[in-house]
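Colleague: Mind looking over this structure? Questions follow.
The values are calculated or read from the model by the stated rules, or taken from the named source; none is laboratory data. Source: prediction; values computed, not measured. Cβ sites come from the backbone with ideal geometry, for glycine too, and all protein chains shown count toward neighbours. What goes into the accessible areas is simple: the full protein's heavy atoms, side chains included, and nothing from ligands, DNA or RNA. Shrake-Rupley method; radii C 1.70, N 1.55, O 1.52, S 1.80 Å.
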Amino acid sequence: MAQVATQPRIITAAEPAQRIRRGLVLAMACAAMAMAGLDMAIVNVALPSMQREFGVEHSTLQWVVVAYGLLLGGFLLLGGRMADRLGRRRIFIAGLAVFTGASFLAGAAQQASVLIAARAVQGFGAALIVPAALSLIAVTFAEGPERDRALGFFGAVGGIAASVGVVASGLLTAGPGWRWAFYINLPAGLLLIGLAVVFAPERAGDRNARLDIAGAITVTGGLLLCVYALHHAASDGWVAGSTLALFAAAAVLLSALVRIEARTAAPLIPPAALRNRSLVAANLTAFLASCAFLAFIFIGSLLMQQALGYSPILTGLAWLATTATIFPVAMTGGRLAAKVGVRRLLITGLSLFAVAALWLARIPGDAGYVTDVLPAFLLAGIGFGLVEPALQIGALTGVSQSDSGLASGLIETTREVGGAAGVAGVSTALVAGSGIHGFHTAFAIIAVLAALGMATAIAGFARGKQREEV
């Protein structure tokens, strides 16, 4: 009988170096995402200290939070397309430079107006960083289990950033002072810029291709108005004339975008992207999931402080249960996606999240943390830990490298707008209610949003674990 000799696979000297380089790219992308996510929440506990120092009204100080979210949500899609057109490393480094410089200005601000302006510039820098970071992962790791694991790690970092920001805000405010919430970005930003210059892959899209300037201006303006209208609705009401005018103006700009995109030779959002079933389903589900999750954090924090009497620092520490759960579950979720499929992960995760919200929808006014709050926080952490990587995997499935920035910017934009809508919606429900019953209504709405997200996942994603090719 003839024997067939099996040749062992030869591992070249370059392979370990390539693995190290891919690991560094993933670490850079995750660290940059963590910075951007932390700064969304890191000022929350510090707001009273800022108010005392600057002597301004609370309504003015709210812009320290709103300005960041407004610019981040408005420019994400443009930032993603710029990464495709001008180069992912270039936009990643530019975003880090803008973000780091604005952090210094925010920390050194002697007037509230300077602080608010610096926060807006920070938001713009973050809008360049986030889609460029996700796009770097997409072009560094091959589609399949390798990329799924990387996105699981990226999703885990993104999922815990906001809750870690609440804890960090309390510790820094009580320690060296609120200015260090911004100064801590300086060494991290400079280190990441240096690493990106050396290790980030220089794989641009078609640099000679034209950027759809008219479409970019229109979509950015429409998204800015939409996000601002959502914040405005939370404070002035959904049927106020100014709120309706803002939504109408956003609708006009976004309608104009449709006409512009239909006529241009190089559209900002190529028609092929909208034909990608997985990308469309991921964005619809991400909108509803982000509505539910950001509203859950917002209402949960208010519940503990206003209804249960927790201090700000104790509230931040209470969220560690969710934070500590999200990270390992998201890491596992990235690996499970290849085995069970994105659809099943989303259905399971959103089901658990809906149960967590319903659990808090019946919480008593004298609730104990261990028996009444902790179970819901753990379920929410497991649920969102499964959902976060599944959405990113779904959004990048079947997307070409030349459109990875677009897909990254689109999913992050959807999440940002969804989060703003969720917070605005439950704020209205909370104001309309009374005492603990207002919180019950808000959490019931969150459960409905999670259930709707589950419905879009069921309808939008194909059964099984197959990947859609475009």
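Colleague: Give me the pairs, please: first residue somewhere in the range 238-263 and closer than 20 Å to Leu274 by Cβ, second residue anywhere and of a type in the set (Ser, Thr, Tyr), beta-carbon distance under 7 Å, and either six or more positions apart or on two chains.
Modeller: Leu253/Thr218; Ala256/Thr218; Leu257/Thr218; Ile260/Thr218
Colleague: Follow-up. Go over the candidates Leu294, Leu303 one by one and state the one that is of a type in the set (A, V, I, L, M, F, W, C), open to solvent by 10 Å² or more (accessible area, probe 1.4 Å) and part of a helix (DSSP H, G or I).
Modeller: None of the others qualify; the one that does is Leu294.
Colleague: Now, a different point. Name the single residue, out of those in the range 445-470 being over 14 Å from Ala390 (Cβ atoms), in contact with a helix residue (DSSP H, G or I) (Cβ under 7 Å, 6 or more places away or on another chain) and open to solvent by 40 Å² or more (accessible area, probe 1.4 Å), that is modelled with the lowest pLDDT.
Modeller: Among them, the one singled out is Val470.
Colleague: On to the next question. Please determine whether any residue of the range 379-395 is within 23 Å of Pro328 (Cα to Cα), open to solvent by 40 Å² or more (accessible area, probe 1.4 Å) and hydrophobic (A, V, I, L, M, F, W, C).
Modeller: yes
Colleague: Can I ask one more? Quick check on the range 98-107. Is at least one of its residues at pLDDT 90 or above, over 19 Å from Gly194 (Cα atoms) and open to solvent by 10 Å² or more (accessible area, probe 1.4 Å)?
Modeller: Initial filter on the range 98-107 (at pLDDT 90 or above): 98-107.
Now restrict to residues that are over 19 Å from Gly194 (Cα atoms): 105-107.
Okay, now just the ones that are also open to solvent by 10 Å² or more (accessible area, probe 1.4 Å), so 105.
Yes.
Colleague: When the residues of the range 363-378 are filtered to those that are of a type in the set (A, V, I, L, M) and over 18 Å from Ile446 (Cα atoms), which remaining residue is most open to solvent (accessible area, probe 1.4 Å)?
Modeller: Val370
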